[in-house]
Structures are given as structure tokens and as C-alpha cells.
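Colleague: Take a look at the following structure, please.
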Amino acid sequence: MPRIHSQEKEQFKKLFSHEDPDAFEDRFRVLDTFLSTEKHLTCDELCRALSARGEHLTPEFVRETLKLLSHFGFARQSRFDNGEIRYEHHHLGQHHDHMICTKCGKILEFKEDRLEEAQIQVAAAHGFHMLQHRMEIYGICAECNRERRRRMPLTLAKSGERLVIRDINGGSASRLRLMTMGLRQGDRIEVISNNGQGQLAVSVDMKRYAIGRGLAQKIIVEPAAS
Ligand SMILES: [Zn+2]
Ligand SMILES: [Zn+2]
Ligand SMILES: [Zn+2]
């Protein structure tokens with residue numbers, strides 16, 4: 001939508017062109033590059049996009065400009081999955097929510113009127129007057145889902161996944177260790193958290209288990225039919 005972006009630039013000029021002219025030119029370059037992509041960018045990514053266009057501004061300046069853009073409603077900040085702050089366009093009067101793929105990091109945008117309405121009603125039922133909300137759906141995107149090998153070691157599972165234990169590698173020793181923990185082949189497990197390091201937390205039959213990565217590597221799981 002190039003038209004809305006030229007409107008944004010005009011408004012930015014109106015608000016800031018009377019300020020220090022050097023800084024204004026540089027800030028305008030940041031805005032221009034920011035508006036040239038529809039991605040949800042980190043400050044570093046925007047710095048790289050600026051360099052690619054031959055604009056060499058310090059990360060501090062870019063960061064400060066992004067704060068300014070957020071403050072005046074040209075940019076919106078999000079931290080998906082507690083990651084780095086990401087910035088996207090803030091077009092007045094427009095709203096969307098996000099789905100975040102925890103495998104590849106893809107961010108999808110969606111808008112669903114029924115959800116919007118339901119959130120207002122739920123808030124109102126609690127005597128709560130909703131002013132704004134963030135709705136983030138975490139999961140696995142269509143492409144990742146297609147590419148996924150069905151069987152995988154538990155270490156590759158993502159937080160929130162529901163799985164079935166299909167096999168236990170590593171001979172009788174690891175099988176025995178699992179059995180003494182109370183886990184066996186065919187059990188349905190849900191991953192509470194897997195941060196890519198340290199123990200995994202899983203639940204089976206409403207009980208919590210901590211599984212070291214070495215053992216988790218030997219547990220072969222596949223997605224549970226929901
Ligand atoms: Zn836009
Ligand atoms: Zn994905
Ligand atoms: Zn977005």
C-alpha cells in the first residue's frame with residue numbers, strides 16, 4: 001500500500017521538519033527504509049537494510065529514531081516469544097494480530113472480527129473496559145508442518161506439542177531409566193517447555209517430568225493425533 005506510506009511520510013515531515021535539519025534528514029531516511037518493507041524488523045535488521053541502501057547511521061541513532069516513531073504512532077513494537085523488540089508499521093485505524101511459528105520464526109498476520117468482538121465481550125463480562133489487546137498464537141506454520149518428519153527425537157519437540165512416545169533408543173538402560181520414571185512406549189506426552197538447552201519439562205497424565213537432553217535424544221516421538 002504505497003499510498004498510505006507516502007501519507008505517513010508527509011505526516012512525519014509536518015511533525016518533525018522544523019527540528020534540527022541534519023537529524024531530520026537522517027530520521028527521514030530511517031522512516032523511508034522502515035516503510036519500504038512490510039516485515040517485523042529488529043533494530044539490527046533495520047540497520048542492515050539501511051546499510052544495503054548506502055545509508056550508514058549508528059545503531060544508537062536508528063534505535064532512538066524507532067523509539068520516536070513508536071512514540072508518535074508511526075511504528076508499533078512487539079516482543080514475540082520474549083525475543084528482541086520488533087517494529088512494524090503502525091497505520092492509524094488498522095489492526096491485526098499475529099501467529100508466530102516457533103520452528104522457523106515466521107510471523108503471520110491475521111484479523112478475525114469474531115475474535116475481536118469476543119475479546120471485548122469477555123472483558124466486559126468481567127466489568128473490564130478493553131482499550132487494547134495483543135493476540136499472539138504460537139505454533140508451527142503450514143510449511144514447517146509439511147516438512148516435519150513425523151518421527152523425531154524428543155529434543156526437537158516444541159513447547160506445547162502433544163506427542164506419543166514411539167520408541168526408545170539406546171538399549172535397555174535408557175528404557176529402564178524411563179520406566180523407573182514412570183514413562184513407557186505409547187504414552188501421550190505434552191511438552192511444557194523445551195528451550196533448546198537443559199532439561200525438558202513434559203507432562204504425562206497431569207504429572208510433570210524433567211528429562212535430561214541426553215535421555216530426551218533417545219526418546220523417539222511423533223505428533224499425537226488430536
Ligand atoms: Zn505499511
Ligand atoms: Zn515455520
Ligand atoms: Zn504485524
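The values are calculated or read from the model by the stated rules, or taken from the named source; none is laboratory data. All values derive from a computational prediction rather than experimental measurement. When we count neighbours, we look across all protein chains shown, and the Cβ atoms used for this are built from the backbone with ideal geometry, even at glycine. With ligands, DNA and RNA removed, areas are computed over all heavy atoms of the protein, side chains included. Shrake-Rupley method; radii C 1.70, N 1.55, O 1.52, S 1.80 Å.
Colleague: Which one of these is under 29 Å from Glu161 (Cα atoms) and out of contact with any Ser or Thr (no Cβ under 7 Å at 6 or more places or on another chain): Glu25, Glu38, Glu84, Glu109?
Modeller: Glu109
Colleague: Of the conditions (1) open to solvent by 90 Å² or more (accessible area, probe 1.4 Å); (2) without any contact (Cβ under 8 Å) to a residue 40 or more places away in the chain; (3) within 16 Å of ligand 3 (Cβ to nearest atom), Phe110 fails just one. Which one is it?
Modeller: Failed condition: (1).
Colleague: From the residues in region 196-222 that are closer than 15 Å to Met152 by Cα and loosely packed, with under 14 Cβ neighbours inside 10 Å, which one is modelled with the highest pLDDT?
Modeller: Gly214
Colleague: Looking at Ile189, Ile137 in this structure, which one is among the aliphatic types (A, V, I, L, M) and open to solvent by less than 40 Å² (accessible area, probe 1.4 Å)?
Modeller: Ile189
Colleague: So, in region 136-189, exactly how many residues are of a type in the set (S, T, N, Q) and part of a loop (DSSP other than H, G, I, E, B)?
Modeller: 3
Colleague: In addition: In region 45-60, is there at least one residue being polar (S, T, N, Q) and either within 16 Å of ligand 1 (Cβ to nearest atom) or within 27 Å of Glu117 (Cβ to Cβ) (or both)?
Modeller: no
Colleague: Still on this structure, I have one more. Look at region 184-200 and say how many of its residues are more than 23 Å from Cys104 (Cβ to Cβ) and under 32 Å from the mean Cα position of the chain (by Cα).
Modeller: Residues that pass the stated criteria total 5.
Colleague: Please give the strands (runs of 3 or more DSSP E) falling wholly within region 14-103 in which 3 or more residues are closer than 30 Å to Cys144 by Cβ, within 16 Å of ligand 2 (Cβ to nearest atom) and open to solvent by less than 30 Å² (accessible area, probe 1.4 Å).
Modeller: Correct list: 97-101.
Colleague: Can I ask one more? Is it the case that Gly93 is out of contact with any helix residue (DSSP H, G or I) (no Cβ under 7 Å at 6 or more places or on another chain), at pLDDT below 95 and not acidic (Asp, Glu)?
Modeller: Here the answer is yes, as Gly93 does meet what is asked.
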